[in-house]
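Let me begin by presenting the structure, written as C-alpha cells, before commenting on it.
The values are calculated or read from the model by the stated rules, or taken from the named source; none is laboratory data. Note that the coordinates shown come from a computational prediction; the quantities given were computed from them, not determined experimentally. Neighbour counts are summed over all protein chains in view; Cβ atoms, including those assigned to glycine, are modelled from backbone coordinates with ideal geometry. Accessible surface is based on the protein model in full, side chains and every heavy atom, while ligands, DNA and RNA are left aside. Shrake-Rupley method; radii C 1.70, N 1.55, O 1.52, S 1.80 Å.
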Amino acid sequence: MGPSAFAETTGRILAEVSRVIDGKPDAVRSALVVLLAEGHLLIEDVPGVGKTMLARALAATVEATVRRIQFTPDLLPSDVTGVSVFNPGDREFEFKPGAVFANIVIADEINRSSPKTQSALLEAMEEGQVTVDGRTHPLPDPFLVVATQNPLEMEGTYALPEAQRDRFMMRISMGYPDAAAEAQMLRERDSANPLTAIRPVTDAGSVRALISWARRVHVSAAVEQYAVALAQATRVHPDLRLGASPRATLQLVRAAKVWAALDGRAFVIPDDISALLIPVFAHRLIPARASSVRGRSGSDAVIAILQRLAATVPVPLAAGA
C-alpha cells in the first residue's frame, strides 16, 4: 500500500461516516485515527448528541464483526469476557465467548456499570486477549473499543478508574450541532435511519494494511523528544497530582503518525503532536485538589494547563522527514 491508496481508502471511510454525523468532521477524523493507531476511543458528552451514532457509523463502514454492549449497573464481568460452562456430554468445561469477542466493540454508557465490570475490559484493551479460568483466549485483529460515557454529574454514573482511562488513546466530546446541521437532521431522519444507508467501504484485512502502513510513518528524534518533553512537563507541574504515563506518550506518537498520514505526509511534524495533545492527554491527568487555573477546575483546569504547556515547551525546528 502506498500513500495514494491510504488516502483513497481513508477518504471513503471519512466520507461515509460523515453522511451520518453532520457537522462534526473533527470527531469523525479522531475516531478514524484511533482505529488506525490501534487504540481505543472514549466519547464523553451529554445524552442525545450522537455518541453511539458515531461509534455505530464507524463500525458500519468496516466489514468486520461488531458487538454492542449496553453497560448497566447489573452487568457482570462474565457478560463482557465470557464464561466457562460445564458440558455434560463431553464432561468438561467449555468456554462461551462474551460480547468482547469482536473486531469493533461498542461499550455504550460504560460508566453506568460498576468499576468491577469496567475492569473486565482492562486486559482486552491492553493485550488483545481475555483470560478466563487460567486460559488465555486471543481477541480478533484488529480490535477496537469505542466507549461512550455520560458526564459524572449525571445520575447513576461511576467514575472510570485511572487504569481504565489510561487504556483509552483519546477522549473526545461531540458537542451540540449547529443550527443548520440540526435542521438538516430533522429533515433527513424523520422517515429513515441514516445508518441503514451506510455500506462497508473496507474490511478487516484492509484495515490491517492501513495500520501497517501508518506504523511506518517516520518520526524524527527531535519530534520524539518534543513528545517526551510534553509528557515530562505534566509530571512535574505543581497543579497536577497525576501526570501523563509512558503509555500516554507512546499513544500520542502513534496517533500523530496516523494524523500525518491522513494529511498525505509520510513523516510527523510538531504540529501533529500539539494537535493531539489535549485529546490524548487530558483524560489521564488529575489536577491537584487545591489547584485552580484562572478560576477553572476539574477537566477545564487540565485543558488550560495543557494549552499552557503546548505554548511554553520548546518546539523543535526543521524536524521534518
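Kindly indicate which of SER212, SER119 is under 23 Å from ALA102 (Cα atoms), out of contact with any Pro (no Cβ under 8 Å at 6 or more places or on another chain) and in a helix (DSSP H, G or I).
Within the list SER212, SER119, the selection yields SER212.
Within segment 198-213, which residues are open to solvent by less than 70 Å² (accessible area, probe 1.4 Å), over 16 Å from LEU32 (Cβ atoms) and touching a helix residue (DSSP H, G or I) at 6+ places or on another chain (Cβ under 9 Å)?
Within segment 198-213, none qualify.
Of LEU144, LEU139, which residue is among the aliphatic types (A, V, I, L, M), over 20 Å from LEU76 (Cα atoms), in contact with a strand residue (DSSP E or B) (Cβ under 8 Å, 6 or more places away or on another chain) and at pLDDT 90 or above?
Being among the aliphatic types (A, V, I, L, M), over 20 Å from LEU76 (Cα atoms), in contact with a strand residue (DSSP E or B) (Cβ under 8 Å, 6 or more places away or on another chain) and at pLDDT 90 or above holds for just one of LEU144, LEU139, which is LEU144.
Based on what the data block shows, is GLU109 at pLDDT below 90, within 16 Å of the chain's Cα centre (by Cα) and of a type in the set (Asp, Glu)?
In short, yes.
Exactly one condition in (1) touching a Ser or Thr at 6+ places or on another chain (Cβ under 7 Å); (2) within 25 Å of ALA163 (Cβ to Cβ) is false for LEU42; which is it?
It is condition (1) that LEU42 fails.
Just checking: which of the strands (runs of 3 or more DSSP E) contained wholly in segment 9-95 hold 2 or more residues that are of a type outside the set (D, E, K, R), open to solvent by 10 Å² or more (accessible area, probe 1.4 Å) and farther than 23 Å from LEU276 by Cα?
66-70, 82-87
Can you tell me which residue among ARG216, ARG247, ARG241 is of a type in the set (Lys, Arg) and touching a helix residue (DSSP H, G or I) at 6+ places or on another chain (Cβ under 7 Å)?
Within the list ARG216, ARG247, ARG241, the selection yields ARG247.
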